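The structure under discussion appears below in the form of structure tokens.
The values are calculated or read from the model by the stated rules, or taken from the named source; none is laboratory data. The structure presented is a predicted model; accordingly, all values stated were derived computationally and were not measured. Here the Cβ positions follow ideal geometry from the backbone for every residue, glycine too, while neighbour counts run over all protein chains shown. When the accessible area is computed, the model is the full protein with side chains, heavy atoms only, and any ligands, DNA or RNA have been set aside. Shrake-Rupley method; radii C 1.70, N 1.55, O 1.52, S 1.80 Å.
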Amino acid sequence: HVMYQLQLRTLLYCLVALLLLGSFASCKKAERETHTIHILHTTDVHGNILGYDFVQDTCTPSGLARVSTYVAQVRKEYPTSTLLFDGGDVLQGNAAVYYSNFVDTLRTHFVSDAMTLLGYDAAVVGNHDLEATPSVYRRWQRDMATPLLAANIIHSDGPLAGKPYYSPYSVHTVDGVKVAVLGLITPAVPQWIPQSSYEGMTFADPIATAHKWIPTIQEHVHPDLLIVLMHSGLGDGQGKEDVALQMARTVSGIDLILYGHDHQANQTTERSPSGSSVLLINPGSHAKNVADVTVT
């Protein structure tokens, strides 16, 4: 009887050891698992779809037509792990887009066609998009598949008063990685355009909005990667128009900031309040460059 108990105890110890070994092996396997995703970003395209200057009557070495070639190359190499985003200000600045905005209004919007063909995963609204007037930017949104984001544009009145005017964020899963994208716009819009262009809207502080939405995203989405896609420049922390740098320095939980508005191609890194590194990148304006971020 005693011998039987010893044998049973030894067997149990062996089973526990095997289970522990299995757990350690699973942990090591999970640690070795690697995912790589590619994030492409354009911003401040300003109607430069075809790469043609209609004022000077000449081709330009830029535009979404050229961007589409690059995007196709990246997607061919990484078909299941590429995301494409735009940072706003696309509806103004070129004769072809002006024609679609205000003359050829019965057909699908020219910019909507282009962004749908390129397969943008999300875009944020820029101040010049709103300047195009409500009938234009509503048609732009209606005619394309790309979701528009702007967590700090708020309904100013009516039954939805206090609610976001656009989707605050989007969620994308690529190559097993869950990516959340929070959209924001500079709050200085009312300084530049008449109220009739942004009727029913008010603009909240983007820093305060990020403090509000990022914990919500983390709680409900549990993203592996959190991106802020913002139409706001780098800034020096002194004003409220350009706040990307201040965003990185004062808001925790952000991994990557795709910014624009100031037309300055740039990349830099900052430390968040939690001590993590935040990459900030801006490809500049008029689709002369594409920001290409590889995350492993």
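Structure above, values below:
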{"item": "Above-threshold pairs, the threshold being 27 Å between Cα atoms, out of 178/212; 178/288; 178/240; 212/288; 163/288", "result": "178/288; 178/240; 212/288; 163/288"}
{"item": "Within segment 140-296, percent of DSSP bridges classed antiparallel, to nearest 5", "result": "55 percent"}
{"item": "List 276, 196, ordered by accessible area with a 1.4 Å probe, largest first", "result": "196, 276"}
{"item": "Residue range of the chain that is longest and free of chymotrypsin sites (Phe, Trp or Tyr not before Pro) which are both DSSP loop and sparsely packed (at most 13 other C-beta within 10 Å)", "result": "55-191"}
{"item": "Cα-based Rg / Dmax (Å) for segment 54-147", "result": "14.0, 40"}
{"item": "Hz values of 3J(HN,Hα) by residue in segment 221-230 - Karplus curve (6.51, -1.76, 1.60), Gly and Pro given as x", "result": "9, 6, x, 7, 9, 10, 10, 9, 9, 9"}
{"item": "Projected label distance in nm at residue 33 and residue 212, using a 7 Å step from Cα toward the beta-carbon", "result": "3.6 nm"}
{"item": "With 10 Å bins from 0: P(r) over segment 159-253, alpha-carbon pairs, percent", "result": "15, 43, 32, 10, 1"}
{"item": "Percent antiparallel among DSSP beta bridges (both partners in the chain, rounded to 5)", "result": "50 percent"}
{"item": "Computed magnitude of the charge dipole of segment 20-174 (debye, nearest 20; Cβ of K, R +1, Cβ of D, E -1)", "result": "620 debye"}
{"item": "Two-site label geometry, residue 99 and residue 191: point separation in nm, points 7 Å out along Cα→Cβ", "result": "3.5 nm"}
{"item": "Efficiency of FRET from Cβ geometry, residue 78 and residue 53, R₀ 41 Å, rounded to 0.05", "result": "0.80"}
{"item": "FRET efficiency, residue 294 to residue 161 (Cβ-Cβ, R0 30 Å, nearest 0.05)", "result": "0.10"}
{"item": "Heavy atoms of residue 268: accessible area, 1.4 Å probe, square angstrom to 10", "result": "40 Å²"}
{"item": "Alpha-carbon Debye profile of the chain, log10 I(q)/I(0) at 0.12 Å⁻¹", "result": "-0.77"}
{"item": "Efficiency of FRET from Cβ geometry, residue 138 and residue 70, R₀ 25 Å, rounded to 0.05", "result": "0.25"}
{"item": "Carbon/sulfur fraction of accessible area - segment 172-257, other protein chains in place, 1.4 Å, %", "result": "46 percent"}
{"item": "Solvent-accessible heavy-atom area per residue, rounded to whole Å², over the chain at 1.4 Å", "result": "50 Å²"}
